[in-house]
1. Would you be so kind as to identify which of 64, 126, 193 lies farthest towards the positive end of the dipole of the chain, taking Lys and Arg as +1 and Asp and Glu as -1 on Cβ and the Cα centre as origin?
2. Would you calculate the volume per residue, in Å³, of the smallest convex hull containing every Cα atom of the chain?
3. On a straight-distance basis, which lysines could pair with residue 90 in a cross-link, Cα separation under 22 angstrom, same-chain partners fewer than 8 positions away excluded?
4. Taking GluC sites (Glu not before Pro) as exposed when DSSP calls them loop (any state but H, G, I, E, B) and at most 13 other Cβ atoms lie within 10 Å, what is the longest stretch of the chain free of them, the sites themselves excluded?
5. Can you give the extra length, in nm with one decimal, that the chain gains between residue 119 and residue 176 once fully stretched, where that is 0.36 nm per residue apart less the Cα-Cα distance?
6. Once you have the Cα-Cα distance between residue 227 and residue 148, take 0.36 nm times their residue separation minus that, and quote the gain in nm to one decimal.
7. Taking the DSSP beta bridges in the range 11-292 as the whole, what percent of them are antiparallel, to the nearest 5?
8. Calculated FRET efficiency, residue 293 and residue 137, Cβ-Cβ r, R0 30 Å, to nearest 0.05?
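FYI, it's all coordinate maths here, none of it is from the lab. Just so it is clear, the model here is predicted, and its values are computed rather than measured. Note that we place each Cβ from the backbone using ideal geometry, even for glycine, and neighbour counts take in every protein chain shown.
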Amino acid sequence: MTTQSTTSSVTSFLGDKPVHRIGFGAMQLAGPGVFGPPADPDGARAVLRRAVELGVDHIDTAQFYGPDVVNDLIREALHPYPENLRLVTKVGATRDDQGAWVPGAEPADLKHQVEQNLRSLGVERMDLVNLRRFERDDPDRVEPALEDQLGALAELREEGKIDLIGVSSVTAETVRRAHELVGLGEVQNAFSILDRTDEPVLEVCRERGIAYVPYFPLGSAFTGGPAALAADEHVSTVAARHGVTASQVALAWLLAQYDRMLLIPGTSSVAHLEENMAVLDIVLDADDLARLDQVEPKPVGH
Ligand SMILES: NC(=O)c1ccc[n+]([C@@H]2O[C@H](COP(=O)([O-])OP(=O)(O)OC[C@H]3O[C@@H](n4cnc5c(N)ncnc54)[C@H](OP(=O)(O)O)[C@@H]3O)[C@@H](O)[C@H]2O)c1
């Protein structure tokens with residue numbers, strides 16, 4: 001594995017927009033199974049306010065988190081939004097009334113979902129909309145043509161309802177095609193020190209200078225990622241050396257992979273948020289990175 005750099009500057013770019021390299025992933029703010037309200041809505045709003053206080057200017061969300069629950073919390077906590085806050089959503093699925101994930105990826109569905117996000121967030125324009133594909137999760141699924149899906153989002157961009165277009169959970173080939181078709185503001189795929197199967201897609205992003213925004217950066221709550229990090233001897237050795245936590249080492253490792261790597265760690269805890277924001281102060285040296293190359297992969301799925 002190659003490592004691109006060992007130091008991190010505070011800002012990088014989402015498309016052409018400068019953003020703090022550590023943003024916030026809002027999925028953890030919904031109830032269990034990303035469905036329904038959280039046990040402590042006041043606490044969830046407090047996390048969002050503290051994130052902005054600490055310099056977060058990039059929040060990743062989706063109308064289908066809840067559904068509506070997470071976007072409502074964001075609006076209640078932060079509207080009117082700071083001028084520099086970039087709100088990013090994803091479209092391509094919906095939920096049924098039991099919380100099951102239902103495909104909703106035809107061009108008309110995508111347009112409808114963007115409108116739902118605009119409405120629930122209380123904005124006239126999304127800073128970035130990711131087209132969430134399922135080719136990584138379920139290679140046998142027949143999906144609408146990429147050209148048609150991106151065409152629908154490009155029409156909304158023309159109308160001023162979207163600033164940037166991204167893709168999520170996609171192959172390297174889709175990134176190349178999508179970038180040629182619409183010019184990508186980001187790629188959002190699963191990637192972490194525990195699951196590096198997306199390295200070929202990251203390489204395409206490096207070659208083209210596209211922001212890469214890993215989801216499941218701590219190895220996924222669904223599969224016990226933070227605990228697996230803490231249990232790894234290489235991660236814990238480097239953590240002890242720096243006097244930081246295993247989760248912080250995992251995030252610092254991600255930042256060292258690419259200067260346009262933007263993090264959106266998800267948390268429902270102010271203490272974890274503060275820990276995550278402090279990661280920019282950790283500088284991993286060549287010895288640390290060599291040690292971390294030995295971490296046993298534990299792919300988490302997509
Ligand atoms: N495009 C997609 O398909 C897709 C899929 C999944 C997620 N996402 C986005 O990516 C974001 C990040 O993914 P994720 O939230 O699923 O990440 P993750 O890697 O699963 O990490 C979240 C888990 O880590 C814990 N955590 C966070 N900070 C921690 C810390 N400092 N120490 C210990 N534990 C910590 C959280 O628990 P606590 O709440 O207790 O801190 C939660 O259990 C999501 O919020 C969402 O915005 C996108």
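1. In the chain, that residue is 126.
2. On the way: hull volume 35.8 nm³, N = 302.
Given the Cα convex hull of the chain, per-residue volume reads 118 Å³.
3. The qualifying lysines are 17, 111, 161.
4. 160-302
5. 17.4 nm
6. On the way: separation 79, 0.36 × 79 = 28.44 nm, distance 4.10 nm.
Contour length minus the Cα-Cα distance gives 24.3 nm.
7. Details: 8 of 34 bridges.
The answer is about 25 percent antiparallel.
8. Working: r = 27 Å, r/R0 = 0.91.
Result of the calculation: an efficiency of 0.65.
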